[in-house]
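The structure under discussion appears below in the form of structure tokens.
None of the figures in this text is laboratory data; all of them are computed from the coordinates on show. Keep in mind that what you see is a predicted model, and the values were worked out from it rather than measured. No Cβ is skipped: glycine too gets one built from the backbone with ideal geometry, and neighbour counts run over all protein chains shown.
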Amino acid sequence: MLRWLICLTLFASVGLNQSPFSTTGLSAADHPNVVIVITDDQGYGDVGFTGNPVIKTPHIDALAAESTSLSDYHVAPTCSPTRSAFVTGHWTNRTGVWHTISGRSMLRDNEITFGEIFRDAGYETGMFGKWHLGDNYPYRAEDNGFTEVYRHGGGGVGQTPDFWDNAYFDGSYFHNGKPVRAKGFCTDVFFEKGNEFITRCAKADQPFLAYIATNAPHGPLHAPQKYIDMYPDMKDNVATFFGMITNIDDNVGKTRALLKELGIYENTIFMFTTDNGTAGGANIFNAEMRGKKGSPYEGGHRVPFVFHYPRGGFTTARTNDTLCHAVDVVPTLIELCDVPAPQTVKFDGTSIVSLLKDQPADSFEKRMLITDSQRVIDPIKWRQSSVMQNKWRLINGKELYNIADDPGQSNNIAKEHPEQVASMREFYEAWWGELEPTFSQTTEMIVGHPDHPEVTFTAHDWIGQAPPWNQAAIRAAAAVFPKKPSQKKLKHNGHWAIKVHRSGTYQVELRRWPEESGMAISADLEPGKDVPGSSKAYRTTPGRAISVQAAEVRVDGRAVASAKVEPGDSVVTMQIELTEGSHELSPVFQIPTGEVGAYYCTLSAMGN
């Protein structure tokens, strides 16, 4: 189905007073509901309750005032890796997710998420907003245990896999795999859909897990103007960044009020956290930490974590400063919700219920944890890494800090504590040795599956070629029009990793612009409208025409089909034969200066 055939009504077949759920026999009274709010690029210091003197987060601050907070909770320094650990309880590098693009942001199919765990236990499971663990079967949220999914594409609104020309306001998103049009600011929309799900579940007396994952305050920086205006003394980028967070805060308040209105507040776990260090607030307040998003230093991966659950006794302000990690979330929820753990999974994390209760943490004193920021095709040993034990931090295998005495990590004391360095290096070596054999297990997009006969790939997931990961880059065609033109012919070195489910004939459709745009391959595009904020919307970049003469499809480096491209063609179609198994798919457009990868490719099984 064409993505531009947008559904005009959402949830039309399910009224809020009707239950869309089958009877599971699981009573909501016996199992707590779970609401998880995780934001994007909001750091430890980007909330009021940790000490930020400027930001307005009254609802999150009120939540923290009646909850357990973890002050030494860590994630990965960037978003996809954190989310993979958060939903599976496994190290990011074990899940195959150590980047945010280039085919390394897709969660391996053998991983089991909390969506699957809770669904299999009889819960309804909803995912709203940012998934960023794969846009193709079998890596999407809807393939990983979530019974209700309402999300954008890629890692953010307006990124390459997202619906074309999305720009934070009045966008189109994917509801259970189908594009639907929405009205309003994206964060408001994702919370609204999450709240509709919560309402339906509550009225059906059905326990639920609602995973509300915002793309805000990730750039580009856009927000409703009234929130930007709340920070008149800040520079435009900070005002918008903080405005996006205050908008999230208002939505947190609305969702908590809804839980009370529905009568399920007491029996609902409410968790608030973020996915990496700050991207925009470090110069205002960073809790004395060194580093921000992407950094192996503390400011890159120490983030807020707030846990509230009235029936469980988590209703008073407590702060625990024991070291813990995103891999601990799944085991903790399993214990508190009394759902069966998957028998085939050994978690890298552990339940931290005792820490949340602020009980003695002697068993955690010697525990070591690792976070790193790879952002490469294949992991590199010690790259952007932090080995952590209690208050010790070993950075990149060389620098040692004790953040109890040196929170800003300014005094490298590795020479004074060689035994501590040796111990932490030994732990890392064992960790790396266990995981390294799995790095070659490339996540492959499955084609020819009878349940998913048509698959669309985007340049976001090119492996081996710098991908245009957002729609501004698609519009600019940077590879074709580089800032410093070369005399050499352009060469496309990228591919998509695919796994053919069944041998046979496949139809390949190649596009310069996405299908829903309806634009010809050789067309240029006018700039789109901007939206409020300190950034320019991706769609305001003019769409540059590429003089495409022909197209060619390569499989495993060998040309298997080619076709001329005529003026006015919006798509070029070919048929190829594929054998069952793993392949590298590389479609290209031939242009006067060489070749460029086809930005969008749809592969369909032909009656296999």
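Tell me whether the stretch 299-427 comes out rounded, prolate or oblate; compute the Cα gyration tensor, take square roots of the eigenvalues as a ≥ b ≥ c, and use a/c under 1.5 as the rounded threshold.
Details: a/c = 2.19, a/b = 1.54, b/c = 1.42.
In terms of gyration-tensor shape, prolate.
Assuming a ≥ b ≥ c are the square roots of the Cα gyration tensor eigenvalues, decide whether the stretch 445-605 counts as rounded (a/c under 1.5), prolate (otherwise, with a/b larger than b/c) or oblate.
prolate
Going by neighbour counts of Cβ atoms within 10 Å, the residues HIS325, HIS495 line up, fewest first, as HIS495, HIS325. Residues whose amide H comes within less than 5 Å of that of THR68, counting only those at least five positions distant or on another chain, are PHE307, ARG318 (H built at 1.01 Å from N in the peptide plane).
Peptide packing for 84-97, 102-115 was compared via the average number of neighbouring C-beta atoms within 10 Å per residue; ordered from the highest value, the list is 84-97, 102-115. Distant-in-sequence amide contacts of TYR600, defined by a placed amide H-H separation under 5 Å and a gap of 5 or more residues or a different chain, comprise ARG511. The charge dipole of the stretch 370-438, taken about the Cα centre with unit charges on the Cβ atoms of Lys, Arg (+1) and Asp, Glu (-1), comes to about 200 debye, rounded to the nearest 20.
A simple spin-label model places the labels of ALA341 and ALA430 1.9 nm from each other, with each point 7 Å out along Cα-to-Cβ. Among beta bridges identified by DSSP and lying wholly in the chain, the antiparallel ones come to about 70 percent.
For a straight C-alpha distance cut-off of 30 angstrom, the lysines reachable from LYS483 (same-chain residues fewer than eight places away being disregarded) are LYS235, LYS292, LYS293, LYS491, LYS529, LYS536, LYS564. Segment SER363..SER562, full-extension length gain: 65.4 nm, with 0.36 nm per residue of separation and the alpha-carbon distance subtracted.
Based on the convex hull around the alpha carbon atoms, the stretch 370-438 presents an average projected area of 4.8 nm².
Taking square-rooted eigenvalues a ≥ b ≥ c of the alpha carbon gyration tensor, is the stretch 41-339 rounded, prolate or oblate, where a/c under 1.5 means rounded and, failing that, a/b exceeding b/c means prolate? Taking the square roots of the gyration eigenvalues as a ≥ b ≥ c, the stretch 41-339 is rounded.
Projecting the Cα atoms of ALA605, LEU356, MET368 onto the charge dipole of the chain (Cβ charges, centred on the Cα centre) puts ALA605 farthest toward the positive pole. Residue by residue, the stretch 409-418 carries 3J(HN,Hα) couplings of 6, 10, 10, 6, 10, 4, 5, 7, 9, x Hz when phi is fed to the Karplus relation 6.51 cos²θ - 1.76 cosθ + 1.60 (θ = phi - 60°); x denotes Gly or Pro. Positive end of the charge dipole of the chain (Lys, Arg +1 and Asp, Glu -1 on Cβ, about the Cα centre): tell me which of GLY134, HIS492, ALA550 has its Cα farthest that way. Going by the charge dipole, the pick is ALA550.
Length, then width, then depth: along the principal axes, the Cα atoms of the stretch 235-358 run 48, 38, 27 Å.
Put a plus charge on the Cβ of each Lys and Arg, a minus charge on the Cβ of each Asp and Glu, and nothing anywhere else: the dipole of the stretch 41-339 about its Cα centre is then about 300 debye.
According to the Cα-based calculation, Rg over Rh for the stretch 376-481 is 1.18, with Rh computed by the Kirkwood formula. When the convex hull of its Cα atoms is viewed from all sides, the chain shows a mean projected area of 27.4 nm². Exposure proxy for MET127, MET230: other Cβ atoms within 10 Å of each Cβ, ordered fewest to most, give MET230, MET127. For the stretch 333-340, backbone phi angles converted through the Karplus equation (6.51, -1.76, 1.60; θ = phi - 60°) give residue-by-residue couplings of 5, 4, 5, 5, 8, 6, 10, x Hz, Gly and Pro being listed as x.
Could you list the residues of the stretch 256-291 with an amide nitrogen less than 19 Å from a label point located 7 Å from the Cα of ASP233 in the Cα-to-C-beta direction? Correct set: 281-287.
Shown for GLU192, GLU419, GLU577, GLU124: other C-beta atoms within 10 Å of each C-beta, ranked fewest to most, produce the order GLU419, GLU577, GLU192, GLU124.
Highest mean first, the peptides 449-455, 544-550, 558-564 sorted by other C-beta atoms within 10 Å per residue fall in the order 544-550, 449-455, 558-564.
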